[in-house]
Amino acid sequence: MPALEFANSPAALAPGVADTLPSPLETEIRAIYARSPLYGQRFPLHADPLKWSCYSEIPVLSKQEIVERGHQAFFGDYAEVERGLRDKRFEYEATGGTTQSPMTVIMEDGWWNAQTERAYRASPILREFVGRPYRKCVLAPVGCSSNLCPYEDHPFPNRYFDGTVYLNLSSDPFAFLDPEWDRIVLELQATQPEVLEGEPVYLSLLARAVQKRGVKVPSIRAVILTYGKASAQHGRRIAEAFPAPQVDLYGSTEAGYLFVGEAFKDNSQVIDENAFVELTPWQGLSDVFQIAVTTRGREAMPLLRYRTGDIVQKFPTGYRVLGRESGLYFRPDGSLVSPTDIDAALPANFACWHYMLVQTSAVRWDFHYVADHTATSEVETRLAGLLGEGVRVNAFRRKFIAPAASGKFSLLKPLAK
């Protein structure tokens, strides 16, 4: 059987002998089997060198299976985990994304910081911050970061630790009243961060808040877009207020950071030290793949062939994360529409703080947007042309667009299949 395709650099996957797995991948798989009894129960491994045919028989792991089995299934002695949680050797986080039931994730102490540092090292923009003190502000859904929840009700500067300030006390930035934005902007000015990190909608609304108050933060040297899918509209609004290089940092609470690149440049690369990322051709589309993740060096809840639910597209320059499979749309002719296509279809003179395109029937879509000005009919015409023949789009200017229960936002919501 030929080798399967991975998004990692060739250096991360040394060639195997004949049809056997590369040694770094096999070593990690056997370490995962040794750490977690879950995998041996699902698919026993033999002692001989692993071949690609054997690897392909290892069942992929889904979020639903983790939820159904429970996080306890990853551990031989869960009492040790409970002791570790009391002793702060382990920490836990509940994550559900935008569509899944809540999933508990157990992390060994220090894992989040270590995989974040590896992600920074993999980015030419963020590399300069590794190994030296720097200040960072984070604005994201409460609970998205493993460090947020314990500090969510603490006043400033108690939320300032290890050089990082977590700015928001609750999720849904559209619900922040003016006094809350006053506080956030003031803390941003007081911190004078070199790095600003956040969910794109949150940062877009922060850009609106600082512009409204006539504030500038010249200390910012890099803006990290993470926790959710960024649109070009978000990127432009953020750049107007914070004119610094933007980094697209993709990952999840359960898998860690997986891809990093310049935002909107289609040059994201796998963070090789964090994970092996397997590519499976998707829906017969050229250079479009589902991804399955095998974490590296993870002690608690290591993931093997974990299907994240995300789709990526390969370009000569690197990869573009298209988004969740459930957040992509196929026209009747079988061609794909992603949030990137929506950005390209919007008129050049259109500007908004956030939008969401929602399908309500086979040929009807609603375009909800938050903006300072009402859009012209050209927006409806261009989006209808993008979505296919006979499609009708109605645009609605809104004061707010509600997030999912997780605090995350969607850009494209087709009808469930």
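The values are calculated or read from the model by the stated rules, or taken from the named source; none is laboratory data. For clarity, every value in this text was computed on a predicted model and none was experimentally measured. For neighbour counting, all protein chains shown are included, and Cβ atoms are generated from backbone atoms with ideal geometry for every residue, glycine included.
The figures follow:
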| item | result |
| --- | --- |
| Whichever residue in the range 58-74 is free of Cβ contacts under 8 Å to residues at least 40 places away in the same chain and in contact with a helix residue (DSSP H, G or I) (Cβ under 8 Å, 6 or more places away or on another chain) and, among such residues, is surrounded by the fewest Cβ atoms within 10 Å (Cβ to Cβ) | Gln72 |
| Count - residues of the range 299-337 that are in contact with a Lys or Arg (Cβ under 7 Å, 6 or more places away or on another chain), modelled with pLDDT under 95 and assigned to a loop (DSSP other than H, G, I, E, B) | 1 |
| Matching residues in the range 227-280 - criterion: being among the polar types (S, T, N, Q), surrounded by 24 or more Cβ atoms within 10 Å (Cβ to Cβ) and part of a loop (DSSP other than H, G, I, E, B) | Ser231, Asn274 |
| Answer residue from the range 203-260, given it is touching an Asp or Glu at 6+ places or on another chain (Cβ under 8 Å) and more than 27 Å from His368 (Cα to Cα) and is modelled with the lowest pLDDT among those | Thr253 |
| Enumeration of residues in the range 121-135 that are of a type outside the set (D, E, K, R) and in contact (Cβ under 8 Å) with a residue 60 or more places away in the chain | Ala122, Ser123, Ile125, Leu126, Phe129, Tyr134 |
| Single residue of the range 74-104 satisfying the filter (among the aliphatic types (A, V, I, L, M) and touching a Ser or Thr at 6+ places or on another chain (Cβ under 8 Å)) that is modelled with the highest pLDDT | Met103 |
| Subset tally (residues that are more than 16 Å from the chain's Cα centre (by Cα) and in a helix (DSSP H, G or I)) for the range 202-226 | 9 |
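Okay, residues lined up against (1) closer than 19 Å to Arg236 by Cα; (2) out of contact with any helix residue (DSSP H, G or I) (no Cβ under 9 Å at 6 or more places or on another chain); (3) surrounded by 15 or more Cβ atoms within 10 Å (Cβ to Cβ):
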position: Ala351; (1), (2), (3): yes, no, yes
position: Ser361; (1), (2), (3): no, yes, no
position: His368; (1), (2), (3): yes, yes, yes
position: Asp372; (1), (2), (3): yes, no, no
position: Ala375; (1), (2), (3): yes, yes, yes
position: Glu378; (1), (2), (3): no, yes, no
position: Gly388; (1), (2), (3): no, yes, yes
position: Ala395; (1), (2), (3): no, no, yes
